[in-house]
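Novice: Sharing a structure here in structure tokens format.
Bear in mind that the values in this text are calculations on the coordinates, not laboratory data. Keep in mind the model is a prediction, meaning the values are calculated, not measured.
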Amino acid sequence: MAKELIHMSHISKSYDGTHVLDDLDLHIKENEFLTLLGPSGCGKTTTLRLLGGFETPDSGQIFFDGADITSLPPNERKLNTVFQKYALFTHMTIAENIAFGLKISRKSKAYIDDKIKYALKLVNLDGYEKRSVDSLSGGQQQRIAIARAIVNEPKVLLLDEPLGALDLKLRQDMQYELIRLKEELGITFVYVTHDQEEALTMSDSIVVMNQGYIQQIGTPEDIYNEPCNAFVADFIGDSNIIDGVMLEDKLVEILGVKIPCVDTGFGQNQPVDVVIRPEDVELLDPPDGFIEGDVISIIFKGVHYEIEVHAGGYDWLVHTTKMFPVGTHVGISVIPFNIQIMNKPESSDEKAVETDVF
């Protein structure tokens, strides 16, 4: 089992009286690609800045390899940060940008030259030493920012939405580059994004955050297939989230229809959230479904059709490889295993903390 490298213990942080993080407790393992994922304002960037030493928590402690680093300045931590805007020096060459931290550390010229060559080769930019920053594309600038960080041999690389400024194709290419770099360097990556696809593609572990709280921690597969509340289900991928009543074990009512499920332990006649992924909805001949409806829109997505079906007063989202024209009368079917039942939160605060994150 991988060794724990970082522990953020009961961290709280507020700005102007507004809580951004509230009693956050987070464990990060050695050589892990961990992604902090959530909507704007959820606290993910603040968490990264606290790790990097750019902010100080109001309460709580940060431990790195067993040592308390809560009060250490950024330059005394074995971490390096790659920011969204890269923060490259436009008046310097690529080599001078990469060497900046090494020169501050008073490394020898021979050592610095070797490190520059090594870093440029690692990010597939051999021979770019004398180029100017302005001559590079966005993707190349991002690679230089990573090269500048890794020459300092950090144990942890912090990345704050580094792909946000890139176009879709380049962003996808860089996702695979970051995975390769993480494996070659053998260091821990802590990555901040609001992009669910990025998180699912690259991560070993995902930390889903909302309102300053951790909602769920797990592998990409766990987060997608077993979301622990409606917020996670709605934020990670697409979902049909329908008000329901758990009548008894393995029987739920939605939209006035009783359907079997596999969940137990919710009690009888309890209000619940019923979560069904679009790819788990099957469209059949009307009599063969548990509810009937009409196709109201269809969009071709390349590998599947995205279809909306109005049934039971609800607009169902369906992903299917079969084409159903607008106006088609269809039946909707879902196997019990693909119906996920979740307790309804009693308040918005409970919604943010209701789940056992570990």
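Novice: Could you work out the relative contact order of the chain, using alpha carbon pairs under 8 angstrom and six or more residues apart, expressed as a whole percent?
Specialist: Computed over the chain, the figure is 15 percent.
Novice: Follow-up. Taking a ≥ b ≥ c as the square roots of the eigenvalues of the Cα gyration tensor of region 126-192, is the shape rounded (a/c under 1.5), prolate (a/b larger than b/c) or oblate? Numbers along the way, then the final one.
Specialist: Numbers: a/c = 1.82, a/b = 1.19, b/c = 1.52.
The shape class here is oblate.
Novice: If a/c stays under 1.5 just call it rounded; otherwise compare a/b with b/c (prolate if a/b is bigger, oblate if not). Do that for region 55-179, with a ≥ b ≥ c from the square roots of the Cα gyration tensor eigenvalues. List each step's numbers first, then the result.
Specialist: Working: a/c = 2.06, a/b = 1.32, b/c = 1.56.
Oblate is the answer for region 55-179, as a/c is 1.5 or above yet b/c matches or exceeds a/b.
Novice: Tabulate in residue order the Karplus-calculated ³J(HN,Hα) for region 242-253, using 6.51 cos²θ - 1.76 cosθ + 1.60 with θ = phi - 60°, rounded to whole Hz; enter x for Gly and Pro.
Specialist: Coupling constants for region 242-253: 10, 5, x, 10, 7, 6, 6, 3, 6, 8, 10, 10 Hz.
Novice: Output the pairs from Lys3/Lys130; Lys13/Lys121; Lys130/Lys169; Lys169/Lys322; Lys78/Lys121 with a Cα-Cα distance over 30 Å in this structure; if there are none, say none. Walk me through the numbers before you get to the answer.
Specialist: Working: Lys3/Lys130 40 Å; Lys13/Lys121 40 Å; Lys130/Lys169 27 Å; Lys169/Lys322 27 Å; Lys78/Lys121 23 Å.
Check vs 30 Å cut-off fails for Lys3/Lys130; Lys13/Lys121.
Novice: How far is helix 109-122 tilted off the main Cα axis of the chain, in degrees rounded to 10, range 0 to 90?
Specialist: 20
Novice: Which distance in Å, rounded to a whole number, links the C-alpha centroids of region 206-263 and region 1-66?
Specialist: Each part's Cα centre sits 26 Å from the other's.
Novice: Can you give the angle from 0 to 90° between the axis of helix 138-150 and the longest principal axis of the chain, with both taken from C-alpha atoms, to the nearest 10?
Specialist: 60
Novice: Next question, about the same structure. Between Lys103, Lys117, Lys155, find the one with the highest GNM mean-square fluctuation for the chain; connect C-alpha pairs within less than 10 Å.
Specialist: Residue with maximal mean-square fluctuation among Lys103, Lys117, Lys155: Lys103.
Novice: Let me ask something additional. For region 83-124, just say rounded, prolate or oblate: build the C-alpha gyration tensor, square-root its eigenvalues into a ≥ b ≥ c, call rounded for a/c under 1.5, and beyond that prolate if a/b exceeds b/c, oblate if not. The partial results should precede the final answer.
Specialist: Details: a/c = 2.01, a/b = 1.29, b/c = 1.55.
It comes out oblate by the Cα gyration axes.
Novice: Return the label of the correct value of Cα extents along the principal axes in Å, as calculated from the structure shown, out of (1) 78, 45, 40; (2) 61, 39, 37; (3) 70, 51, 41.
Specialist: Answer label, from the structure shown: (1).
Novice: Once both axes come from the Cα atoms, what is the angle between helix 94-104 and the longest principal axis of the chain, in degrees from 0 to 90, rounded to 10?
Specialist: Between the helix axis and the principal axis of the chain, the angle is about 70 degrees.
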